[in-house]
Structure formats: C-alpha cells, structure tokens
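Working notes, beginning with the structure itself.
The values are calculated or read from the model by the stated rules, or taken from the named source; none is laboratory data. What you are looking at is a predicted structure, and each value in this text was computed from that prediction instead of being measured. Glycine gets a Cβ as well: all are built from the backbone with ideal geometry, and neighbour counts include every protein chain shown. Heads up: the accessible areas ignore ligands, DNA and RNA and are worked out on the full protein's heavy atoms, side chains in. Shrake-Rupley method; radii C 1.70, N 1.55, O 1.52, S 1.80 Å.
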Amino acid sequence: MTSAYDLSELSGSAAPPAPAPFTFSGRGGEYFRIWIVNLLLSIVTLGIYSAWAKVRRTRYFYDNTSVAGSSFEYHGNPIAILKGRIAAVVLVALHHFAPRIAPMFGVAVFVLFTVATPWLIWKSLQFKLYNSSYRGIRFGLRGSAREAYIVFLLWPLLTGLTLFLLAPFAHQRMKRFQHNSSRFGDASFSFHATVGSFYKTYLIGLAIALAGIIAIGMLFGGSAAALAGLSRRSPAAILSAMTFFFALYLWMAVLYPLFYTLIQNLIWNNTRLGAHGIQSRMKWSRMTWIWLSNLFLIAVTLGLFMPFATIRLLRYRIESMSLLPAGDLNEFTAAAEPPGSVTGEGLSDLLDFDISL
C-alpha cells in the first residue's frame, strides 16, 4: 500500500509544516517573588530601581515565551533605561509646570511636547524591538519620521475633530505602520487588515455594547425608575437603583475583553512574517472569565493577586497564538537595526503607552 508520504514524494510536493503554537511557561508564584522584590526596591530607592525592575520583569516574560522550541530574549540595559526615564521625567515636569511659570512659556512647551511625542513614540518602538531577539536574531523597526507624525499626530487629531468617527481608520493606520515597518533579521512583517475590517470590528463591538445596555435598561431600569418615583429614599428604591448601576458597571467590565479579543484576532490573523503566517484564536468567553475573575481576586486580596493575574492573562494571550510556517524557520539571517531611543522608551513607560507588537 502506498502511504501519504510516498504520494507526496511521487507528486513532487511536500506537506506544509504543522502550525507551531506559542507557549508560556511562567508561573504565578515565581513572578510574585519578582514582582514583590521589584515593588519594594522601587519604593525604597524612590523609583530608581524601576529601570532594573522593568528589565528583570521583561526578561522573565521573554524567557518563558517560546515557539518552535526556542524562547525569546530581552537585551534592554537598565542604566540606559534609567537615563531615558530621567529625561522623560524632566520633559513631563517641564510640560506640567511651564504654564505656572508664564502662560506663553507654557504654550511653547505644550507645542514642543506635542510635536516631539510622535518622534519619541517611534523611537520607543525601535528601542523595544531592537532589544528583542529570537534564536540570536534581533527584531527591528524601520519606517520614517514622516510616517510616524502622520500616524501618531495627524490621525489622532483628526479623530478628535470628527468626534471619534475616524477611530477605526486611525487604529488601522497605526497598526499598518507598526507591523509593516517591523522586521526580524532581514525578513519583513506585513499587515493585511483593511480599514473596512476595522470599522466592522468596531461596529460589532458597539452593537453588542448597545444591545447589553438596552437589555439592562429593560430588565432593571423600569423598576428602578418606578420605585424611585414612589419614594426615592425607600430601601427598595435604593436597592433597585444599585442593582441597575451594578449591572451597567459589570457590563462595561465585560466589554473590554470582548473588544480586546476581536481586535487581537483581527490584527494577528492579518499579520505575516515573510511567507509565514500568524494565527490568533482568542475566545471571548475564556477571556471574559479570566478578566472578571482577575478583577475580583485582585480586589479581595487588596492587590496581592496582581502578579498571578498578570501571568494568567499573559498565558492565555500567548497560548492563543500560533506561527504558521511556510518553510524552514532557520532561513532568517541577521540585519543591522537602529537602536532607538531610551528617552522615548522612558516616556512611553511614564505615559503608559501600550502600542508594542
């Protein structure tokens, strides 16, 4: 009998490589020890140790993230990150206190800060990718300052002026710039999600949000309004109103994992590395359970569950993804990449930017 392998040889075609799932081996107890030491030393040193804490934390996440039998590496230098954070603190302090010194000086600093921010974000992305590697080959980000200003300044301004009607368009343009400019050695990433797919995803999220709000209003709003009309201070009216607002709050908490799941799947299912594909299979139900249970456990433990919550969420996000190889993964070769800016990295930390790959 002729096997499938024999048939593939006779036809001259080889079966495509099997998908390579991403795995995460981090543990809550291990990360808790890192987290608590980082927190205490950062407090004792008035924030100076935070640069070392960032490197230690990021290296732990990278070392425990693997695909195709190899883990990632992080090469950030804590001294360089500390210098960047000091510069970023000076910039933010100048932006905050300049109006109190003189109104015109405040306006000038605001304009300077606004103009500099897109460049700093671009350099921050370069820094993050340049200091990340896989199998000894570094990532990198190219692009141009002109593109960065269009993506991180022009489109956000127009989004605000159009009352956020351009938000899906701006989001798609940001991810297109970010992924199309990213590289792994001499191989380029590419991004294929259209503006229409982003609008569709946003509209799906908005429709689900409105449907939930309408349902809550029908279930609880009428009784709350009726009881409040009878006696606004009665226990029944207060309880009914509290139930109504709690249901709204809970629904708002559910919407974040919904939108996050839709967006992550959209972005990664439309990203390629050369001929290799990437797949994301996050499920809203699973993401919602992790998100809500994390919030509850963080609250009842007064924040001590935070590192365990981080590991639970990170594991699910990572292990929902797979690399779809089109051929040999050893084909990549190293290429020189710009190192980026530690000031930009420090500013992104201070302002809590989360725009990395």
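Here are the numbers for this structure:
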item: Along principal axes, Cα extents of segment 111-167, largest first, whole Å; result: 45, 26, 14
item: Point-to-point label distance, residue 331-residue 314, nm (Cα→Cβ direction, 7 Å offset); result: 3.2 nm
item: Within segment 15-162: Cβ-based charge dipole about Cα centre, in debye rounded to nearest 20 (Lys, Arg +1; Asp, Glu -1); result: 220 debye
item: Where 271, 310 fall by accessible area, highest first, once all protein chains stay in place (1.4 Å); result: 310, 271
item: Set 54/83; 123/200; 83/175; 128/175; 83/123; 175/283 screened for pairs whose C-alpha atoms are more than 24 Å apart; result: 123/200; 83/175
item: Pairwise FRET efficiency - residue 157 versus residue 218, Cβ, R0 = 51 Å, nearest 0.05; result: 0.85
item: Amide hydrogen neighbours beyond the local backbone of residue 277, cut-off 5 Å, H modeled; result: 324, 326
item: Solvent-accessible heavy-atom area per residue, rounded to whole Å², over segment 19-161 at 1.4 Å; result: 52 Å²
item: Proximal charge balance of residue 167 [Cβ under 14 Å; K/R count +1, D/E count -1]; result: +3
item: Karplus-derived HN-Hα couplings along segment 168-185 (A = 6.51, B = -1.76, C = 1.60, θ = phi - 60°), whole Hz, x at Gly and Pro; result: x, 5, 5, 5, 5, 5, 5, 5, 5, 5, 4, 7, 5, 8, 7, 9, 10, x
item: Positive minus negative residues near residue 147 (Lys, Arg vs Asp, Glu; Cβ under 12 Å); result: +4
item: Taking segment 15-124 and dividing mean pair separation by its residue count, relative contact order in percent (alpha carbons under 8 Å, at least six apart); result: 21 percent
item: Hydrodynamic radius of segment 93-208 per Kirkwood, over alpha carbon pairs, in Å; result: 16.3 Å
item: Percent accessible area from carbon and sulfur atoms, segment 116-173, protein chains only, probe 1.4 Å; result: 72 percent
item: Per residue accessible area of segment 245-285, 1.4 Å probe, in Å²; result: 50 Å²
